[in-house]
Amino acid sequence: MRVSPPDHFMHWWADVVVDDQGTPYVVWSEIPHGVIYFSHYDGSDWTSPVVVNDTTEVKSSDWSSARLVRDRQGVLHLSYTGQAAGADYADVFYAFYDGAHWSPSVKVSTDSTTDNYYGAISARSSSDVWIAWCTDISDRIYISHYDGSRWSSETRLDDSTTNGNDSPEVVQDSIGLPWVAWEDDAASTGQEVISCNRMSSTVSVNEGQLTRRTPLASITASSSAFSLRKVALTYRIPASGEVRLEVYDMAGRTVRVLVNGDEGSGEHHIEWNGNDQLGRGSPSGAYFCRLKFGSTIKTCKVVLLNT
């Protein structure tokens, strides 16, 4: 079953994840236009591909290596290799999908003297994302952490004095610390070996490691104790300000606006009764709840059941 559009361009570097309802999501790269595409299967066919990146700002490179993961709340996170407009070299970029829209691409790597590529990604939540990648000229392995508001300074993981580090993979352990494995020609013999290293969160960013920051905002959801057609939502904001809380369906359409106005700081509770903006009952299935507070966007996935 074909996913990419019926054109004559090259489509490659695909990756796929599946949610708890069995819905597959696919990302891939297209050249020569430098597009990152996204599609999912709606039960009968693949949706029309959506362009993830603004190609006027950043285009995917020939070694795009698009990588897609899904966190515990159902949010999709993407890393890919791209080249910003006017840049001489490729970098590793990040974007996330809130159930309705892809965020703007953000550059993660910072070395502007070489290509940065093969960005592997792991995410436990929207405020706990790790990306590891390698560089072209010196073949170093680097990693960076996203805490929901910013990317940390990159940290080098390999201890090689020669070239030959490539193709990193990253996973997180039970407490969220990342393990990174990669190909390593430590002795420049031409015979690859496998190296592995783990980050520690016990020292500060300035020392080359990472500290955790409290997220700027958060949202959680649970089924009502009285009805599976009702979803109890709890969100927290660190200061008073304008809040928008919306429910989207899996196609990215707005189903209901639950909050749209100023709220005080602290924890807030609201219930979605399963109805849309016109008061009509919504069908059973998965939905996304999207919280926007200032420049911070948080998303959680909920399931509505008609009983």
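The values are calculated or read from the model by the stated rules, or taken from the named source; none is laboratory data. All figures in this text were calculated on a predicted structure; none of them were measured in a lab. Positions of Cβ are generated from backbone atoms using ideal geometry, with glycine treated the same way; all protein chains shown enter the neighbour counts.
Within segment 44-56, the set of residues being surrounded by fewer than 19 Cβ atoms within 10 Å (Cβ to Cβ) and under 19 Å from the mean Cα position of the chain (by Cα) comprises 50, 51, 54, 55.
This table checks each residue for (1) closer than 30 Å to residue 292 by Cα; (2) surrounded by 15 or more Cβ atoms within 10 Å (Cβ to Cβ); (3) at pLDDT 90 or above.
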{"site": "171", "(1), (2), (3)": "yes, no, yes"}
{"site": "198", "(1), (2), (3)": "no, no, no"}
{"site": "202", "(1), (2), (3)": "no, no, no"}
{"site": "215", "(1), (2), (3)": "yes, yes, no"}
{"site": "218", "(1), (2), (3)": "yes, yes, no"}
{"site": "225", "(1), (2), (3)": "yes, no, no"}
{"site": "255", "(1), (2), (3)": "yes, yes, yes"}
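Restricting attention to segment 175-194, and to residues there that are at pLDDT 80 or above and on the phi < 0 side of the Ramachandran plot, which single residue is surrounded by the most Cβ atoms within 10 Å (Cβ to Cβ)? Break it down stepwise before answering.
To start, the set of residues in segment 175-194 that are at pLDDT 80 or above comprises 176-183, 194.
Filter once more, so that each one left must be on the phi < 0 side of the Ramachandran plot: 177-183, 194.
Details: 177: 14, 178: 23, 179: 16, 180: 23, 181: 17, 182: 26, 183: 17, 194: 9.
Taking the candidates together, the pick is 182.
Candidates 71, 91, 62, 15: the one that is within 29 Å of residue 257 (Cβ to Cβ) and not β-branched (Val, Ile, Thr) is 71. Taking the criterion of being crowded, with 19+ Cβ neighbours inside 10 Å and at pLDDT below 85, the only residue of segment 232-253 that qualifies is 250.
With respect to residue 149, is the statement that it is closer than 28 Å to residue 219 by Cα, in contact with a Leu (Cβ under 6 Å, 6 or more places away or on another chain) and part of a loop (DSSP other than H, G, I, E, B) true? Against the criterion (closer than 28 Å to residue 219 by Cα, in contact with a Leu (Cβ under 6 Å, 6 or more places away or on another chain) and part of a loop (DSSP other than H, G, I, E, B)), residue 149 qualifies. Does residue 66 qualify as being surrounded by fewer than 19 Cβ atoms within 10 Å (Cβ to Cβ) and more than 24 Å from residue 286 (Cα to Cα)? Answer is no for this residue.
For residue 41, state whether it is more than 12 Å from the chain's Cα centre (by Cα) and under 27 Å from residue 288 (Cα atoms). Criteria met by residue 41.
Within segment 73-88, work out how many residues are in contact with a strand residue (DSSP E or B) (Cβ under 9 Å, 6 or more places away or on another chain), part of a loop (DSSP other than H, G, I, E, B) and more than 14 Å from residue 108 (Cβ to Cβ). Reasoning before the result, please.
To start, the set of residues in segment 73-88 that are in contact with a strand residue (DSSP E or B) (Cβ under 9 Å, 6 or more places away or on another chain) comprises 73-85, 87.
Remaining after also requiring part of a loop (DSSP other than H, G, I, E, B): 73-75, 85, 87.
This time we only want the ones that are more than 14 Å from residue 108 (Cβ to Cβ), so: 73-75, 85.
Residues flagged as in contact with a strand residue (DSSP E or B) (Cβ under 9 Å, 6 or more places away or on another chain), part of a loop (DSSP other than H, G, I, E, B) and more than 14 Å from residue 108 (Cβ to Cβ) within segment 73-88 amount to 4.
Within segment 105-114, the set of residues being of a type outside the set (S, T, N, Q) and modelled with pLDDT under 90 comprises 111 only.
Selection of segment 276-299 for residues being in contact with a Ser or Thr (Cβ under 8 Å, 6 or more places away or on another chain) and in a strand (DSSP E or B) yields 286, 288, 289, 290, 291, 296, 297, 298, 299.
Mind checking which residues of segment 37-72 are part of a strand (DSSP E or B), under 17 Å from residue 123 (Cβ atoms) and of a type in the set (A, V, I, L, M, F, W, C)? Show your work before the answer.
Here is the first cut: in segment 37-72, the ones part of a strand (DSSP E or B) are 37-41, 46, 50-51, 58-60, 67-70.
Now narrow it down to the ones that are under 17 Å from residue 123 (Cβ atoms): 38, 67-70.
Answer for segment 37-72, where residues must be part of a strand (DSSP E or B), under 17 Å from residue 123 (Cβ atoms) and of a type in the set (A, V, I, L, M, F, W, C): 38, 68, 69.
In the set 36, 31, only one residue is surrounded by 15 or more Cβ atoms within 10 Å (Cβ to Cβ) and over 19 Å from the mean Cα position of the chain (by Cα); that residue is 31.
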